[in-house]
Amino acid sequence: MKAPRLAIALLALGATLVPLANAGALSLTRATALSLPSPNTGLNQGYLPFQSCSSVGNCAVTGIYLGAHAYATGVIEYQVKGVWQKPISVTPPNGYSALKGVTMEGISCASDGNCVVLGQYANATNQLPFTVTEHNGVWQKGSELALPSGAMRTGEFATPRSITCVSIGNCTVVGTYTTSNPTFATQGFMKSEINRVWRPAVKLSLPAATNTNPFVSLSQIACWAPTSCLAVGSYLDANNVTHAIVVPEVSGAWKRAAIMALPGNASAFAGAQFNEVACATDGSCLAAGTYNTITGAVQPLVALSVAGVWDRAVEVRLPNAAANPSALLYGFKGVACASAGNCALGGQFLDNSGHYQGFLANVVHGTLQRAHVLVLPAGAVQSGHNGGVVSISCPSVGTCVAGAAYLNAQNAYVALLATETNNVWSGGATVALPGTASTVGIAGGIYSVQCFSVTTCQISGSYQSGTNRYDGFALVTAP
C-alpha cells in the first residue's frame, strides 16, 4: 500500500461473475484491469486512490498516470451501467505546465453521469486548485478554483484536499493556500458550489493565539446536506503546539475551528491531527487521527459528535502494541459511519513483536470498542510497512467491508477484503488480480471500497503489472 496521503507530493464490471473467493457474505470475482490513455508508462507510483459511485455500475475513479515524456497526468476512469468507458486524460485550466504535472485529490458523484473531480495544477508561477466536472455524462475541461483574497499572486502553493457533493451542483472543497500577509503562511480555505455556481472561497477562522504561520492542514470534509458539512485537520498555535481541529458549516456559515480536547495521557506537545472524517445522514460524525502520548507513543485518536456536540477525543486501544505503535491512518477512506454513533475505522500499527499490523475498531451506539488486529490468511505474518487497512464502507449498522494489504509467505503484498457482521470482524479473502499478476506491490492495493448493500460493493485500486509498472484494477462483489 502506498505512503499515507499527507506524504504524497504533490472495474470493466461486465466481467463474468465467477466466484474465486468468499469473504463473509461477499463473493469476489477476479479483478478487471483498467486501461490508461495512450501513450503511458503506467500509473505514477500506483496512484489511483479516489473512487465515487452514485449507484451500482456507475462509478468514477481518478489518479495520476505517466503520460507523454513521463509527465504526471491526471486520469479519470468512469463506468456507465456496468461498462467501463475509454479513460479520460485530464486537461487542466489554460496556462498549465505539463512538465510540472498535476495531482488528483478527490472525486464525488452526486448522481449517475454527474461527478466533480478535484485536482492541483501548476502554471508558470503558481500551484493552484481546479475541478473537472461531468454534467449529464459529458466531461468538461478543467476549471480553476479561485482562492480567498490575500492569497499570493506569485509563488502561491495551494493544495486542495477533499471534495464532497451532496447533490448535482452542490459541492464543497477544502484545502490550504499560502497567504501574502504574513508571507508564505499556510492557511485553510473552504469553497462551496451552490446550484452549480462556485461561491467565493472562505478563509479558515482559527482559535485565538495562533502561530504567525499556523501551518494549517484541512485533511477531509464530509457533508450530509447542502451547506451542512464538517472539515477536519490541524493547526499550529503560538506555542508551537499542533492541535486537532474540527470546522463545522451550519446553514451555509463556516464556524471558527474548534480545538479537540485530548485524552489525559497526551503530551503537552501532542502533535494531534485529524486525518479522516465520516458523517451519518443526521450530521453525527466521527473524526479520526493520531496524537503523541507523554511517553512519545503515536496512538490513534477518535472524537464523536452527536447533534453537533463533540465528546472529548479518546485513544483507540490497540492489541499487543509496541511501546510506540507508530499508529498510522492513511487518510483516504479509512472511516465510515452507518448511522449516528455506529462507525468503524482502520489503519496500521507496530505490534510488540516488531511487525506491522492492520487494525480495525468499532464505535457501537456511541461507545468506542477496543481495536482488533486485521486477521490475515494462513502463512501471513504481518501486514507490512506498506500494508494495513486503507478503506472501509459500512452499508448497515454492524456490517462493514474493509480494504487492506498484507505480506504473504513470498514477502509480496497482496490485496485483502475483510468483512464485519454484527459488529464482529472476520478473516478476509485475497483479491485475484488481473491476468497473471500476483502482487499489488509496495505502492498498490485496495484504495477504495464502496458498498451499496451487505453483499454488493465496488472496489478499486492499483497493482504491480510489471517490473516497474502499476495499473489500476476494479471489481464488484456479488451475492
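The values are calculated or read from the model by the stated rules, or taken from the named source; none is laboratory data. All values derive from a computational prediction rather than experimental measurement. Neighbour counts are summed over all protein chains in view; Cβ atoms, including those assigned to glycine, are modelled from backbone coordinates with ideal geometry.
Structure values in brief
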quantity	calculated
Selected residue (only one of Val375, Val381, Val364 is modelled with pLDDT under 95 and surrounded by fewer than 18 Cβ atoms within 10 Å (Cβ to Cβ))	Val381
Yes/no for Leu318 being hydrophobic (A, V, I, L, M, F, W, C) and part of a loop (DSSP other than H, G, I, E, B)	yes
Residues of the range 434-479 classified as among the hydrophobic types (A, V, I, L, M, F, W, C) and out of contact with any Ser or Thr (no Cβ under 8 Å at 6 or more places or on another chain), total	1
Residue in the range 53-66 that is farther than 16 Å from Ser448 by Cβ and either of a type outside the set (D, E, K, R) or part of a loop (DSSP other than H, G, I, E, B) (or both) present	yes
Residue in the range 294-313 that is under 22 Å from the mean Cα position of the chain (by Cα) and not in a strand (DSSP E or B) present	yes
Strands (runs of 3 or more DSSP E) contained in the range 169-286 and holding at least 1 residues modelled with pLDDT under 95, in contact with a strand residue (DSSP E or B) (Cβ under 8 Å, 6 or more places away or on another chain) and farther than 19 Å from Ser305 by Cβ	170-180, 183-194
Selection count where residues are modelled with pLDDT of 95 or more and either aliphatic (A, V, I, L, M) or crowded, with 24+ Cβ neighbours inside 10 Å (or both), scope the range 426-440	5
Any hit, the range 236-244, residues being touching a Leu at 6+ places or on another chain (Cβ under 7 Å), buried (at least 22 other Cβ atoms within 10 Å of the Cβ), more than 24 Å from Ala338 (Cβ to Cβ) and hydroxyl-bearing (Ser, Thr, Tyr)	no
Counted residues, the range 461-477 - those being out of contact with any Asp or Glu (no Cβ under 7 Å at 6 or more places or on another chain) and of a type in the set (Ser, Thr, Tyr)	3
Residue, modelled with the highest pLDDT, within the range 452-479, restricted to residues that are under 21 Å from Ser55 (Cβ atoms), of a type outside the set (Val, Ile, Thr) and surrounded by fewer than 24 Cβ atoms within 10 Å (Cβ to Cβ)	Phe452
Boolean, Phe349 is in contact with a Gly (Cβ under 9 Å, 6 or more places away or on another chain) and crowded, with 17+ Cβ neighbours inside 10 Å	yes
Count of the range 276-307 residues which are under 20 Å from Ala336 (Cβ atoms) and touching a Pro at 6+ places or on another chain (Cβ under 8 Å)	4
Out of Leu147, Leu118, sole residue that is assigned to a strand (DSSP E or B), at pLDDT 95 or above and touching an Asp or Glu at 6+ places or on another chain (Cβ under 9 Å)	Leu118
Matching residues, the range 384-407, being in contact with a strand residue (DSSP E or B) (Cβ under 6 Å, 6 or more places away or on another chain) and surrounded by fewer than 20 Cβ atoms within 10 Å (Cβ to Cβ)	His385, Pro395, Ser396, Val397
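Table: residues versus (1) farther than 20 Å from Ser217 by Cβ; (2) out of contact with any Phe, Trp or Tyr (no Cβ under 6 Å at 6 or more places or on another chain); (3) among the aliphatic types (A, V, I, L, M).
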residue: Gln127; (1), (2), (3): no, no, no
residue: His135; (1), (2), (3): yes, yes, no
residue: Ala146; (1), (2), (3): yes, yes, yes
residue: Arg199; (1), (2), (3): yes, yes, no
residue: Leu204; (1), (2), (3): no, yes, yes
